[in-house]
1. Which entries of A:K46/A:K107; A:K71/A:K107; A:K50/A:K79; A:K107/A:K151; A:K115/A:K151; A:K115/B:K201 show an alpha-carbon separation above 23 angstrom in the structure shown?
2. Can you sort B:S94, B:S67 from fewest to most other Cβ atoms within 10 Å of each residue's own Cβ?
3. Could you work out, residue by residue across A:154-162, how many beta carbons of other chains sit within 10 Å of that residue's beta carbon, and then give the average as an integer?
4. Using only the alpha-carbon atoms, what does chain A span along each of its principal axes? Please give whole angstrom values in decreasing order.
5. By a straight-distance test (C-alpha under 17 Å), which aspartates and glutamates pair with A:K41 as possible cross-link partners, with residues fewer than eight away in the same chain excluded?
6. For chain A, what relative contact order do you get, as a whole percent, if you take Cα pairs closer than 8 Å and at least 6 residues apart?
7. On each of the three principal axes of the Cα atoms of segment A:103-182, give max minus min coordinate, whole Å, ordered largest first.
8. Arranged by the count of other C-beta atoms within 10 angstrom, fewest first, what order do A:Y59, B:Y79 take?
Amino acid sequence: MLKKFKIIALLSSALFLANSALAGETTADWLLSFERMKNFKPVTDKTYAKECGECHFAYPAGLLPSASWEKLLNATALKNHFGDNAEMDAATLERVLDYATNNAAEKSWYKRARKIANSDQTPLRITELRYIKRVHEEIPAKMIKDNKDVKSLSMCNACHTQAAKGVFDSDTVNIPNFPDYN
Amino acid sequence: MKHPHLYKKIVASLCLGLACHASFAADSALDLSVPAASASPKSFMLASNDSGVPAANVAPAAAAEFSEPWMSGDKLHQYMGWTTLALVAATALSAPGEGCEGAACANAPVQPRQTNGAHAKFAKAAAFMAAATVTSGLIDHWDDFHVEDGFTDPDNLHAMLGTAGALMMMYAVNKSANSTVPVSHAGIAELGGVAMAVAIKLTW
């Protein structure tokens, strides 16, 4: 009986690993890595960081699925990017779009990106994602909209002190003017 | 001391209660008062690209100097999970011999059954720590579980595998502890340990 249970345990483990290995190209990387992948992959592309970061926080690409990035990052859409003209030359746009789509939610093994990918939503705004709404729904307006140092939920790095590293854990939240939040 | 085990159980219960309280402390410090204007379901969720702030024109505020708390509910849950895995490893390493099966048992020397050796102690500690880890996870991460997210959601999988792992460990310990003869319990215990390890990896 002892051997039987051991064999069952080993087979179950092997089955799980094999199933994971078939799921995607980066599965082995994820499986064998001890790197923490709980949040989002931080922005690593300089062009993306520069072009997006000039006006606002350069959001980790895993915050949206590739279909959303494709709707956002095209010449027509960028002429009116949430009320502003964010046009860029064709080569730069291609590079930014490539980076965003290649690191989009459904192509990432980072946990929060997988949660976003699982929602099957393709919104234009990150703040319209069900997951993002849910994890912020108990925060009163006085801490975000009416907080002069935050103003908007889209200002991730106003409260998430390690947002630039892709870390959005509650332990790293510091809401300006509300030091006791945590 | 007439009932030494009773005292141990009381101390263990107190430790568990303290651990749960620590993981809950962060919530009690939160100012939950909501201004009247934001009391409606829609108002808190300003999903605020729509709140009149032109996001593309406003430079993001620099986060103030901030250091993480040395201990939190999330950290406690994490440390307890690692401790559980360490205890599982210690239990496996301290396991007595392989025993015997079938006809081989006829010739096997009869060994006195040990129920309070290092293996048994590690096993009980691992099962207890697994239960405490699951409890702290349920308390601190309750808002992360959502049935609507489905079976493949990493947090849901983490919770299911962690709970299943803890239950398997407790079953194995109970099965062996309540038997007067050696019984096969390693497979289910190992499966529980693997489930715990996979649960950790899924949300690591």
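The numbers here are math on the coordinates, done by the rules we state, and not lab data. Here the structure is a predicted model, which is why all the values come from computation and not from measurement. Neighbour counts run over all protein chains shown; Cβ positions are idealised from the backbone, glycine included.
1. Details: A:K46/A:K107 20 Å; A:K71/A:K107 17 Å; A:K50/A:K79 18 Å; A:K107/A:K151 31 Å; A:K115/A:K151 26 Å; A:K115/B:K201 15 Å.
Violating the 23 Å Cα-Cα cut-off are A:K107/A:K151; A:K115/A:K151.
2. Numbers: B:S94 14, B:S67 8.
Lowest count first: B:S67, B:S94.
3. Details: counts 11, 8, 2, 4, 6, 4, 1, 7, 3.
Partner Cβ neighbours, averaged per residue: 5.
4. Taking max minus min along each principal axis of the Cα atoms, chain A gives 68, 46, 26 Å.
5. A:E25, A:D29, A:D98, A:E106, A:D169
6. On the way: 211 pairs, mean separation 38.3, N = 182.
21 percent.
7. The Cα atoms of segment A:103-182 stretch 37, 22, 17 Å along the principal axes, largest first.
8. On the way: A:Y59 20, B:Y79 14.
So the residues, fewest neighbours to most, are B:Y79, A:Y59.
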